[in-house]
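Here is the structure we will look at, set down as structure tokens.
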Amino acid sequence: MHYSQEISRNSVGVDVAIIGAGPAGLTAAYLLTKAGKSVAIIEKDATYVGGISRTVEHEGYRFDIGGHRFFSKSQQVVDLWNEILPDDFIQRPRMSRIYYEGKFYSYPLRAFEALRNLGLWRSATCMASFAKAQMFPIREVKSFEDWTTNQFGEKLYSIFFKTYTEKVWGMPCDEMSADWAAQRIKGLSLWGAVTDGLKRSLGLNKRPNDGQVVKTLLETFRYPRLGPGMMWEAARDKIIATGKGQVLMGHGLKQVAEAGNGGWRMTASGPHGDVVIEAQDVISSAPMRELAARLYPLPETSLEASRLKYRDFLTVALMIRSEDLFPDNWIYIHDSKVKVGRVQNFRSWSPEMVPDEDVACVGLEYFCFEGDGLWSMADDDLVELAKKEMDILGLVAPDKVIGGAVVRQEKAYPVYDEDYAANVDAMRRELEHKHPSLHLVGRNGMHRYNNQDHAMMTAMLTAQNILAGERLYDTWCVNEDAEYHEAGDEGAEKSLPDRQQVNQDQAAALASVREVPTRISGSDREAA
């Protein structure tokens, strides 16, 4: 069921105005309304809440936009998921593979399989390349290419990182900031991966006393039976049910201006004209670039904000008269012959995503820039491209496809180019100094490649700050020191992050990620 809340007047007064009904915005609204605060959320999408974590429905088929595993080390996040959606989680097996030169590589690595697929000579050159990188590392690490070459060697970098990463980001790896690698592939060493894969291959990953498999990387995950959008639709409904929350669908941000009483006056354009929301605090999960352009008066750092870049994304879903094509949740396509970057199997996420037992439903994920050739292609042409590329990859013949649909997602990924950190830091410092009641949360709101649970945590800490009437927590520390996100135990972290001093200098936090550690990190969305 799609929901749209109407308002009876064009002016609303609330405690907190929220821009965006994604995981961050809805988390903040849920916690604030529970605490008795009145909240109004504006959401540009006329139909769906959840942002990139929404679930789109087409003729009974449901599509997850990018794939979202519900796993978090934070007990607070896990508890909140259970509170919002107590009865609709299912446990699913985790399986992902890499497609390279017509062969599939398990992820996590299985040592003997990788040796067999690569061949003895190529495997030996990979290890020799790795040894060289350890003995003679690049001293001045500036780019993703530098960072990853130091970690894995030039040969493994070229096989398993370069093609896919450039496909995802649409830019050469030597122009991407090392920050992205340091944030997203941190915490799992090459030797750790090889050792873990060798133990798995030999069946040695069991505890000696009870024979149970030792947990290393995440092998199962929880998932809402109707997709991640189910979580955020439930959150929206609970927010409204309190009588303290309004969710205005199809309303885009027009302007945010300081009011004379120290609060804010926010204007949103909707299907029935403009709506004005007056609030003491504003929480923004809108892209930093868009927020800066709509602040009045314009911030001094609006030029820096305008330089922030985003990568867009589209999914072409194909309905195929066939048994499931593969058991994976998704397959990474490291092949330059096709444009597709990843292929999802929606039934592997949840059987209830696919209503027909005789039909397989897969989603081909394409990374693009809004307005480029891929983004602008007609839906029918995109479906034909997807059919052709599935045939090239040998996954399915075109005549098996019985239907298709296209879902576009703008600003899916904040781009980490060489200037992004300075641009983000400049705007952040100005806003924190001049506008302490304007709070930035979430992936695009902070221009941080956060996972769903990290975005939620920034909102949880922001809600705590608003309720306390002071900045108890520094939200920018969320995910700053994250370990491998699919390792360890769910809910292992029982408390909120440590409180930070309000006036402490955060420049080192942004700069420190460039002092590259010798380990790498993953996520619920893995290499994307």
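The values are calculated or read from the model by the stated rules, or taken from the named source; none is laboratory data. Just so you know, these numbers come straight off a predicted model, no measurement behind them. Counting neighbours? That spans all protein chains shown, and the Cβs are built from the backbone with ideal geometry, glycine included.
Which of the residues that make up the stretch 250-298 are assigned to a loop (DSSP other than H, G, I, E, B), among the polar types (S, T, N, Q) and farther than 20 Å from residue 50 by Cα? Before you say what the answer is, go through the steps one by one.
Step one: filter the stretch 250-298 for residues assigned to a loop (DSSP other than H, G, I, E, B), giving 250-251, 259-263, 271-272, 285-287, 297-298.
Then keep just the ones that are among the polar types (S, T, N, Q); that gives 261, 285.
Hit for the stretch 250-298 is 261, nothing else.
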Result of the Cβ filter at 7 Å on the stretch 361-375, keeping first residues that are touching a residue at least 24 places away in the same chain (Cβ under 8 Å) and partners that are of a type in the set (Asp, Glu), at least 6 apart or interchain, is 364/389; 368/312; 369/312; 370/312; 370/410; 375/312
Query raised in the report: Within the stretch 410-422, is there a residue that is surrounded by fewer than 17 Cβ atoms within 10 Å (Cβ to Cβ), modelled with pLDDT of 90 or more and of a type in the set (A, V, I, L, M)?
Result: yes
The number of residues in the stretch 371-383 that are buried (at least 16 other Cβ atoms within 10 Å of the Cβ) and not aliphatic (A, V, I, L, M) is 1
Going through the stretch 124-152 in order, the residues found to be over 30 Å from residue 313 (Cβ atoms) and crowded, with 17+ Cβ neighbours inside 10 Å are 126, 129, 130, 133
If you go through 133, 124, 128, the only one that is in contact with an Asp or Glu (Cβ under 8 Å, 6 or more places away or on another chain), without any contact (Cβ under 8 Å) to a residue 40 or more places away in the chain, assigned to a helix (DSSP H, G or I) and of a type outside the set (S, T, N, Q) is 133
Exactly one of 320, 331 is of a type in the set (A, V, I, L, M), touching a Ser or Thr at 6+ places or on another chain (Cβ under 8 Å) and touching a residue at least 40 places away in the same chain (Cβ under 8 Å), and that one is 331
- Query: Is it true that residue 274 is acidic (Asp, Glu), farther than 25 Å from residue 467 by Cα, out of contact with any helix residue (DSSP H, G or I) (no Cβ under 9 Å at 6 or more places or on another chain) and touching a residue at least 12 places away in the same chain (Cβ under 8 Å)?
  - Reply: yes
